[in-house]
Amino acid sequence: AVVALGRALDLVRTLSPDATALEAEVAWGVIHEHALSIDDLLSRRMRLSMTLPDRGASIAARVDEIATPLLGLDPAGRAERVAAYLTGARREHDVPPAAVA
């Protein structure tokens, strides 16, 4: 069903060479799983923020580009949405520096 949706929306490519997830999974997450944000998609639906070394930084803009029309969002807000995602992903998933004794 995800691939069929991807074919219908021309989203049958991987999000990046490092991620095996299809662009169609973003659309599926919005349409069928009611995801509402980049964080919702990358952290909760697709779990890529926890598995990609860059926490999804390299694909966040593309995820937003796919999700924006499906969510009825303003494309002009992309940079702000991506920055907010990256701030949260770094705070949530990065390992803090070791305390100096």
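FYI, it's all coordinate maths here, none of it is from the lab. Just so it is clear, the model here is predicted, and its values are computed rather than measured. FYI the Cβ positions are ideal-geometry reconstructions off the backbone, even for glycines, and counts take in every protein chain you see.
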Quiz item: Mind ordering 19-31, 44-56, 68-80 by average Cβ neighbours within 10 Å, highest first?
Solution: 19-31, 44-56, 68-80
Quiz prompt | Net +/- balance of residues flanking Arg90 in space, Cβ distance below 14 Å, scoring K and R +1, D and E -1 | solution = -2
Quiz item: With Cβ to Cβ distances under 11 Å as the rule, what net charge do the other residues near Leu73 carry (K, R +1; D, E -1)?
Solution: -2
Exercise. Convert each backbone phi in segment 59-70 into a coupling constant with the Karplus relation 6.51 cos²θ - 1.76 cosθ + 1.60 (shift: θ = phi - 60°), then list the ³J(HN,Hα) values in order as whole Hz, x for Gly and Pro.
Key: 10, 4, 5, 5, 4, 5, 4, 6, 6, 3, x, 5
Self-check item: Nearest 10 degrees, 0 to 90: helix 78-93 Cα axis against the chain principal axis
Solution: 50 degrees
Quiz item: Relative contact order for the chain using alpha-carbon pairs under 8 Å, separation at least 6, rounded to a whole percent?
Solution: 22 percent
Quiz prompt | Using θ = phi - 60° and Karplus 6.51 cos²θ - 1.76 cosθ + 1.60, couplings along segment 42-49 (whole Hz; Gly, Pro as x) | solution = 6, 8, 9, 7, 9, 6, 7, 5
